[in-house]
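Here's the structure we're looking at; comments come further down.
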Amino acid sequence: MAVGADLEPATLLAAYSRGLFPMPLKPEGRIGWWSPPERGVLEPDGLIVHRSLRRACRRFDVRVDTAFAEVVDGCADPSRPHGWIDDQMRTAYVRLHHAGLAHSVETWRDGELVGGLYGVAVGGLFAGESMFYRTRDASKVALVALAAGLQDGFSRLIDVQWATPHLLSLGVSAIPRPQYLRRLPALLASPLPAMFRSGG
């Protein structure tokens, strides 16, 4: 939709509130602002949790906002294919976390961070940015915890940007951009979920 601008907290907040999200353009590193024609979204009560995943949930401890920068670093691992989280993106989202707008849901085992996800929470919208795992099912368990924490009676939506085949298998659907934009005002007017107000 656009190229340029900066990654200051106010810029990012304005972008998410208008249905845009940033991704750096390779190789020059300029910021592109995206609003896909078909937006991948997950209703918090629509997550598909198979029996094996329910069992996996018992094997991890879940925490919120205790290791945000480490989760971003896990997602930015250069050995991962199609990596897009560069230094400027990391710096921007850590700054956004300190401003109380970006949050992490983390999975731990035996005191070690083994997976998680991070994103931006504005009212009832959680704009998921990325997730990672070092142990099987660790990132999925974080998603289960996120979805459960957002089922609180208010207008909530998890934005996953793109409806990939893997995400579709978890209950994500693709909706047209106009439909997504029509939902934003009610989402933005909702209170911040308690899981992010309390820090887990």
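Of all residues in the range 122-166, those satisfying the criterion of being over 20 Å from Val62 (Cβ atoms) and out of contact with any helix residue (DSSP H, G or I) (no Cβ under 7 Å at 6 or more places or on another chain) are Gly153, Phe154, Asp159, Gln161, Trp162, Ala163, Thr164, Pro165, His166. In the range 155-166, the residues that are assigned to a helix (DSSP H, G or I) form no Cβ pair under 8 Å with any partner that is modelled with pLDDT under 90 and surrounded by 15 or more Cβ atoms within 10 Å (Cβ to Cβ), whether six or more places apart or across chains. Restricted to helices (runs of 4 or more DSSP H) entirely inside the range 43-117, those with at least 3 residues that are touching a Phe, Trp or Tyr at 6+ places or on another chain (Cβ under 6 Å) are 68-75. Do you know which residues across the range 152-166 are within 21 Å of Tyr16 (Cα to Cα) and surrounded by fewer than 18 Cβ atoms within 10 Å (Cβ to Cβ)? Result: Phe154, Ser155, Trp162, Thr164.
Considering the conditions (1) at pLDDT 95 or above; (2) within 14 Å of Ala127 (Cα to Cα); (3) part of a loop (DSSP other than H, G, I, E, B), Pro191 is excluded by exactly one of them, (2). Filtering the range 29-45 to residues that are small (Gly, Ala, Ser) and touching a helix residue (DSSP H, G or I) at 6+ places or on another chain (Cβ under 8 Å) leaves Gly29, Ser35, Gly40. Just name the residue that is nearest to the chain's Cα centre (by Cα) out of those in the range 19-48 that are hydrophobic (A, V, I, L, M, F, W, C) and more than 25 Å from Gly123 (Cβ to Cβ). Residue satisfying both the conditions and the ranking: Ile48. On the basis of being more than 17 Å from Leu170 (Cα to Cα) and not polar (S, T, N, Q), does Pro44 make the cut? The answer is no for Pro44. Within the option set Leu117, Leu113, being under 30 Å from Val3 (Cβ atoms), modelled with pLDDT of 95 or more and crowded, with 17+ Cβ neighbours inside 10 Å holds for one residue only, Leu117. Filtering Asp45, Asp110, Asp65 for residues that are touching a strand residue (DSSP E or B) at 6+ places or on another chain (Cβ under 6 Å) and either within 19 Å of Leu184 (Cα to Cα) or acidic (Asp, Glu) (or both) leaves a single hit, Asp65. Which one is surrounded by the most Cβ atoms within 10 Å (Cβ to Cβ) among residues in the range 120-151 that are over 14 Å from the mean Cα position of the chain (by Cα) and part of a helix (DSSP H, G or I)? Among those that are over 14 Å from the mean Cα position of the chain (by Cα) and part of a helix (DSSP H, G or I), it is Ala138.
When Leu7 is tested against (1) at pLDDT 90 or above; (2) buried (at least 16 other Cβ atoms within 10 Å of the Cβ), only condition (1) is not met.
The values are calculated or read from the model by the stated rules, or taken from the named source; none is laboratory data. Note that this is a predicted model, so its numbers are computed, not measured. Counting neighbours? That spans all protein chains shown, and the Cβs are built from the backbone with ideal geometry, glycine included.
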